[in-house]
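Chemist: Shown below is the structure under consideration.
A short reminder: the numbers here are calculations on the coordinates, not readings from a lab. What you see is a predicted model, and the numbers here were worked out from it, not measured in a lab. All Cβ positions, even for glycine, are placed from backbone atoms using ideal geometry, and neighbour counts span all protein chains on display.
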Amino acid sequence: MAELIYSGLTKQFDGAARPALDGIDARIESGEFVALLGPSGCGKTTLLRLTAGFEEPTHGEIRMGATQVAGPGRFVPPEDRGVGIVFQSYALWPHMTVAGNVSYPLEVRGLPRAERARRVDEALALTGLTEFADRAPAQLSGGQRQRVALARCLVAEPRAVLLDEPLANLDLALRASMQDNFTAFHRRTGATMLYVTHDQGEALALATRVAVMEGGRIRQFAAPEVLYSEPVDCFVAGFVGDGAVVSARAAGPLGPGGLEVETMGLRLTARGRAALPTHLCIRPEDVRLTDEGGLRARVRGCTYQGGRFRVALDTGGEDLVAFSRTRLNVGAQVGLRIDRPWAFREPGMPALAVQETAHV
Ligand SMILES: Nc1ncnc2c1ncn2[C@@H]1O[C@H](COP(=O)(O)OP(=O)(O)O)[C@@H](O)[C@H]1O
Ligand SMILES: [Mg+2]
């Protein structure tokens with residue numbers, strides 16, 4: 001296994017108005033399980049294809065461990081990069097058995113029969129497919145076929161495993177069980193895994209770190225809980241997790257406990273690292289419904305989420321989300337208090353501090 005290092009990686013397709021990848025700098029440690037998360041068209045597949053060697057970068061470089069695999073004047077072809085790839089269409093050979101499919105990459109490489117048999121048995125065991133070895137792909141469920149694709153990728157002992165929306169074709173229940181399969185697979189193999197998805201639930205559940213992409217750039221690359229509690233910009237704050245993004249400005253100095261901010265005509269204490277924030281990310285957990293709260297809001301909607309209700313609120317300008325243990329009536333007026341939301345500065349946006357006193 002090897003780490004993957006991207007430096008200034010840019011991909012401009014001929015005739016495209018904007019680069020598909022725009023200066024990607026990132027480092028994925030050996031054995032890490034990283035998800036690339038972002039809306040359709042943000043460049044996830046392009047980053048995977050460049051990593052695999054199906055495309056050449058326009059600028060920048062990719063290293064796998066000590067080896068530069070793509071960069072100025074250098075391009076290592078896919079077959080010499082030692083990466084395994086799993087697509088959402090399983091791309092199995094229908095006329096071969098499960099074992100035949102898994103064995104095929106080793107036959108191509110001319111490995112001796114006994115070595116092949118040993119490695120195929122191992123890969124089938126790792127993916128829980130031993131009892132299906134002699135079946136044809138048509139006799140398998142979607143989840144089982146995806147496991148065959150995983151076994152076939154694994155048998156070649158890749159340095160990294162790249163997965164492009166591998167569960168997109170499966171129904172919801174099967175996706176959940178396949179997610180457990182991927183986690184177990186990663187635990188057993190210790191493979192470096194790069195997992196592309198537009199499904200945030202999947203990314204947050206599976207990966208140890210998530211790179212949130214938008215417009216060919218990585219906006220934030222962090223552990224799921226950090227993306228959720230400390231988003232760096234409006235895009236990440238809005239794309240990951242539930243809640244609201246509202247504008248705010250500093251009303252006091254930044255201290256170890258956070259800072260005073262003004263928002264929605266209210267002063268409150270926020271968490272943060274920016275001295276001059278422009279926005280707050282207010283998660284439902286940060287909003288407490290209480291008649292003593294300094295803010296009034298109207299209930300716009302109330303939906304049961306199992307164990308609690310999700311309440312959409314209108315403060316008369318901003319929309320917030322709160323959780324409630326009891327059902328609230330649409331149209332009802334409630335009081336609320338906002339408790340230590342996350343304050344951040346939107347890059348490229350001018351920030352204002354509240355003037356404490358007017359100097360004449
Ligand atoms: N071969 C190509 N030629 C021209 N444009 C492409 C090509 N492949 C992808 N693109 C464009 O690059 C951008 C990123 O695409 P892609 O990496 O497939 O996004 P994602 O996988 O995140 O949905 C899109 O605007 C897409 O239209
Ligand atoms: Mg894609």
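Chemist: Do you know which of the residues in segment 34-61 that are within 18 Å of the chain's Cα centre (by Cα) and more than 23 Å from Phe235 (Cβ to Cβ) is farthest from ligand 2 (Cβ to nearest atom)? Walk me through how you get there before you give the answer.
Modeler: Of segment 34-61, the ones within 18 Å of the chain's Cα centre (by Cα) are 34-49, 51.
Subsequent filtering for residues that are more than 23 Å from Phe235 (Cβ to Cβ) retains 49, 51.
Working: Arg49: 9, Thr51: 13 Å.
Taking the candidates together, the pick is Thr51.
Chemist: So, one more: How about segment 10-45: which of its residues are crowded, with 22+ Cβ neighbours inside 10 Å and either under 11 Å from Gly216 (Cβ atoms) or within 7 Å of ligand 1 (Cβ to nearest atom) (or both)?
Modeler: Lys11, Ala20, Leu21, Ile24, Gly38, Cys42, Gly43, Lys44
Chemist: Being without any contact (Cβ under 8 Å) to a residue 12 or more places away in the chain and among the hydrophobic types (A, V, I, L, M, F, W, C) is the filter here; which residues of segment 97-116 pass it?
Modeler: Those that are without any contact (Cβ under 8 Å) to a residue 12 or more places away in the chain and among the hydrophobic types (A, V, I, L, M, F, W, C): Val108, Leu111, Ala114.
Chemist: Could you please find all residues in segment 147-204 being of a type in the set (Lys, Arg) and within 19 Å of Thr130 (Cβ to Cβ)? Give the derivation first.
Modeler: Of segment 147-204, the ones of a type in the set (Lys, Arg) are 147, 152, 159, 175, 187-188.
The answer is Arg147, Arg152, Arg187, Arg188.
Chemist: For the subset of segment 190-234 comprising residues that are among the charged types (D, E, K, R) and out of contact with any strand residue (DSSP E or B) (no Cβ under 7 Å at 6 or more places or on another chain), which member is farthest from Ala173 (Cα to Cα)?
Modeler: So the first thing to find is which residues in segment 190-234 are among the charged types (D, E, K, R), and the list is 199, 202, 209, 214, 217, 219, 225, 230, 233.
Now restrict to residues that are out of contact with any strand residue (DSSP E or B) (no Cβ under 7 Å at 6 or more places or on another chain): 199, 202, 214, 225.
Numbers: Asp199: 15, Glu202: 13, Glu214: 29, Glu225: 24 Å.
Filtering first and then ranking leaves Glu214.
Chemist: OK, next. List the strands (runs of 3 or more DSSP E) inside segment 175-292, counting only whole elements, that have at least 2 residues being polar (S, T, N, Q) and surrounded by 19 or more Cβ atoms within 10 Å (Cβ to Cβ).
Modeler: Qualifying strands (runs of 3 or more DSSP E): 192-197.
Chemist: Yes or no: segment 67-84 includes at least one residue that is within 22 Å of Ala160 (Cβ to Cβ), within 16 Å of ligand 2 (Cβ to nearest atom), in a loop (DSSP other than H, G, I, E, B) and in contact (Cβ under 8 Å) with a residue 60 or more places away in the chain.
Modeler: For segment 67-84, residues within 22 Å of Ala160 (Cβ to Cβ), within 16 Å of ligand 2 (Cβ to nearest atom), in a loop (DSSP other than H, G, I, E, B) and in contact (Cβ under 8 Å) with a residue 60 or more places away in the chain: absent.
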